[in-house]
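Derivation of every value follows stated rules applied to the coordinates shown; laboratory data play no part. For clarity, every value in this text was computed on a predicted model and none was experimentally measured. Glycine gets a Cβ as well: all are built from the backbone with ideal geometry, and neighbour counts include every protein chain shown.
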Amino acid sequence: MDRNKIGTRRPAIVGLVFSLLVVAAVAGLVMSGRLSWRGFGKSGGGSLFPVSRGAPLVHGGSLTEGFRPVVKKTLPAVVNISTTTIVRTSPLFSDPLFREFFEGFGLPERRRVTSLGSGVIVNPDGYIVTNSHVVQGASEIVVSTTDKKELKARVVGSDAKTDLALLKVSEKNLPFLTLGDSSTLDVGDIVLAIGNPFGIGQTVTMGIVSALGRAIGIEQYEDFIQTDAAINPGNSGGALVNLRGELVGINTAIASRSGGNVGVGFAIPSNLVQKVAPQLLKSGGVVRGWLGVTIQPVGPKEAKALGLQRAQGALISQVQPGSPAERAGLAPGDVILSIDGKRVEDSRDVQFRIAAIAPGTKVKLGIFRDGRELEMVATLAEMPDDLRSGRMEGAPGSGLDGVDVEELTPELVRQLGLGRQTTGVAVTYVDPSSAAAEAGLSRGDVIQEVNRIRVKNVASFERVLKQAGNKPILLLVNRRGTTQYVVVEPR
């Protein structure tokens, strides 16, 4: 007898029994009326990106069908995305002497790099949502559907800070998914992940919602759904759907030491997609409210030192000159406790809520300062272009054009696995087509020196960078605790 069969018989039986129990439980809840869902927004043609009113669960009514009805409904709306990017073979090609040397050996200056991902059709007229990182820097994008069509796509808009992008193909009357209300999800809910793992083709996996509101330090605005439904490389941009066949998340990342699935996957909530996608369609980017402060979490130690009864709110560590925060009278050491009368949970909550408010809006901020609570009013401005688009404001033609940096807060130091005394600025975005990317600079790096001059914050970083002008830049980079020099040559 085959030993492999002996080893897999018991898990197979257990898996079958588990699946039957799950389907029976769902059917029982639906029949008893104990399982209810809330819809939101408009449905059908009432919205460019249709959202659900709360349709009934999609179930087969028999144990043998399992999740087949949900899969049949959702699978055609999930597509494979293939991108082609033209990259320089080596940064040394920027030097004429080295270029002549390499060309003498017949080595190409540039080469084509292809990658694979997934996407979700959210409108029958050809609008597709995917991850920003799936299409970043792509010179060509091809979308493959389940009925074997290959369609050329263009990027309508992209937002690196949420890792969302909106694509458009010319095809009409496409199958699509409506957006579900991700706020109704709860830990333990059954979800299906659909995508193109490892480029092998459309694949469906099942799991549950493992956690909500996760922040893992890879994007600036994070509110991830964590799931144990198998997500692997190539699944990025694919669909996370509920048992009603609604899109509740865009699969984005995995936490894995091996690079493969270990049951810890993350998806962007559909409610965030609902906020971002219309702005990408309208202007190609996202307009966010801006207060002009650097904030950090308030832990038990900070709370005790500040005189707070418990750890709450967001601690202001820096106020940008000329910002709405400065005009309102905010200062480093203040703790934001509430926005428009509603208590804030933590620094991430403040970040999300401020960004979601339209520029020009007056907001009332509950502040804790020197042992007492105050109320201040700030008129939000529009987030500056360098922050909104993922670009820093440097000297024209600088080798670091296309690089976004931010203050190195204690939270970032912890997330990046660095020593407490580490100083510098954290790289949060690098344009794949930039000179910095060619030199090897990447997100998560900490720049500690520019041209042998130590930098401690964004202000000193930008000041030194402007002095460098349009010349090669020598950076001392700390990458996960290991420092190295990186030379970036402007184009």
Cα centroids of segment 109-170 and segment 326-388: how far apart, whole angstrom?
-> 36 Å
Pairs beyond 25 Å (Cα-Cα), from LYS161/LYS275; LYS275/LYS466; LYS161/LYS471 = LYS275/LYS466; LYS161/LYS471
In cubic angstrom, how much convex hull volume per residue do the alpha carbon atoms of segment 289-382 span?
-> 78 Å³
Mind running the shape call on segment 403-478? Use the C-alpha gyration tensor, a ≥ b ≥ c as the square roots of the eigenvalues: rounded below 1.5 for a/c, prolate if a/b tops b/c, oblate otherwise.
-> oblate
Spatial separation of Cα centroids for segment 404-472 and segment 261-312, in angstrom | 21 Å
For segment 137-287, what class follows from the C-alpha gyration tensor (a ≥ b ≥ c being the square roots of its eigenvalues): rounded when a/c is under 1.5, otherwise prolate if a/b is larger than b/c, else oblate?
-> rounded
Taking the mean number of other Cβ atoms within 10 Å as a proxy for protection, how do you rank 68-81, 299-312 from highest to lowest?
-> 68-81, 299-312
Non-local residues with an amide H under 5 Å from the amide H of GLU140, with H modelled 1.01 Å from N and Pro and chain starts lacking one, are THR84
How would you order 189-199, 347-357 from highest to lowest mean count of nearby Cβ atoms within 10 Å?
-> 189-199, 347-357
